[in-house]
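**Q** Okay, handing you the structure first.
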Amino acid sequence: MLSWLPENISTYGAEIDSLFYLIYYITLVAFYLVAAAMVIFLIKYRHREGIRAKYIHGHTGLEITWTALTAVTLLTLALMGKPLWTKIKQDMPPYEIQVQVTGKQFNWEILYPGPDGEFGTQDDLEIENMLHVPVNKVVRVILTSKDVIHSFFVPVLRLKQDTLPGRKIDAWFEATKPGRYEIPCAEMCGFGHSGMLGYLIVHTHEDYEAWVQKNWPESKMASKIEHGSES
């Protein structure tokens with residue numbers, strides 16, 4: 001079904017896809033109905049000699065009916081999507097990893113708080129365009145921007161969130177499959193927008209521990225990851 005969608009490696013991605021499928025098929029049915037009506041009208045009301053066009057004001061009952069149906073459909077979709085929106089945007093689960101991602105023309109700055117778990121200290125690690133995380137762990141992402149509006153977009157996670165100058169916005173995800181995945185900017189941010197591309201590197205637990213030890217050789221972060229810790 002809709003195999004052209006990117007692979008899903010997010011714990012909440014399937015729920016987003018289900019809602020997307022529902023909206024897709026509703027709009028598909030509406031498209032076919034409108035297209036069929038246009039074809040019928042083109043044939044029925046085509047130009048014919050001896051028949052003059054007539055102005056028709058419209059049918060008030062029909063207009064009210066289809067406006068009401070559209071409003072009810074949109075309201076139903078909004079109510080169906082509200083629990084998912086709350087889950088993703090408001091009810092962040094306990095996280096075990098946190099990073100700060102800052103958009104700038106035209107890179108992603110990835111900041112790790114280091115073993116002490118606090119940003120703004122000497123053990124912070126900042127790298128560009130590479131977000132390293134372990135598989136099957138909840139990751140908190142603090143999003144901000146240095147200059148203009150960017151959009152942090154990870155298609156395989158079904159995660160997309162604008163980053164705004166002067167604001168910090170929380171997002172989260174839990175990746176379920178190791179691999180290397182693209183993080184494009186999904187908001188036109190200047191002449192270099194098309195080249196603003198980072199990568200999400202989802203490690204196995206062993207590989208992530210090795211990456212941590214490489215960057216913080218004396219840290220105990222690896223054991224914290226293994227047993228889980230909530231910041």
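**Q** Cross-link list Lys89/Lys146; Lys87/Lys168; Lys87/Lys214: which exceed 28 angstrom alpha carbon to alpha carbon?
**A** Values: Lys89/Lys146 23 Å; Lys87/Lys168 19 Å; Lys87/Lys214 35 Å.
From Lys89/Lys146; Lys87/Lys168; Lys87/Lys214, over 28 Å: Lys87/Lys214.
**Q** With the Cα gyration tensor of the chain in hand, give its eigenvalues times 5 under a square root as the equivalent ellipsoid semi-axes, listed largest first in whole angstrom.
**A** Numbers: eigenvalues 482, 73, 53 Å².
The equivalent ellipsoid of the chain has semi-axes of 49, 19, 16 Å.
**Q** Amide H to amide H, which residues 5 or more places from Asn136 or on other chains are under 5 Å from it, using H placed in the peptide plane?
**A** It is Ala175, Thr176, Lys177, by chain and number.
**Q** Inverting the mean 1/r over all pairs of different Cα atoms, compute the Kirkwood radius of the range 122-196 and quote it in Å.
**A** Roughly 13.5 Å, rounded to one decimal.
**Q** Give the Rg (one decimal place) followed by the Dmax (whole number) of the range 1-76, computed from C-alpha coordinates and expressed in Å.
**A** Reported Rg and Dmax, both Å: 19.6, 65.
**Q** Around Val148, under 12 Å between beta carbons, what's the net of Lys plus Arg minus Asp minus Glu among the other residues? Could the numbers behind the result be given before it?
**A** Working: positive: Lys104, Lys146; negative: Asp147, Asp162, Glu187.
Net charge around Val148: -1.
**Q** What order, most packed first, do the peptides 159-166, 144-151 have when packing is the mean number of other Cβ atoms within 10 Å of each residue? Display every interim value, and only then the final one.
**A** Working: 159-166: 16.4, 144-151: 18.8.
The most tightly packed comes first, giving 144-151, 159-166.
**Q** With a 10 Å radius around each residue's Cβ, average the other Cβ atoms per peptide and rank 130-141, 55-66, highest first. Kindly include the intermediate steps, with their values, before the conclusion.
**A** Working: 130-141: 19.0, 55-66: 8.1.
Packing proxy ranking, top to bottom: 130-141, 55-66.
Each value in this text was obtained by applying a stated rule to the coordinates, not by laboratory testing. As the structure is a computational prediction, the values presented were derived from the model and not from experiment. Reconstructed Cβ throughout: ideal geometry from the backbone, glycine too, with neighbour counts over all protein chains shown.
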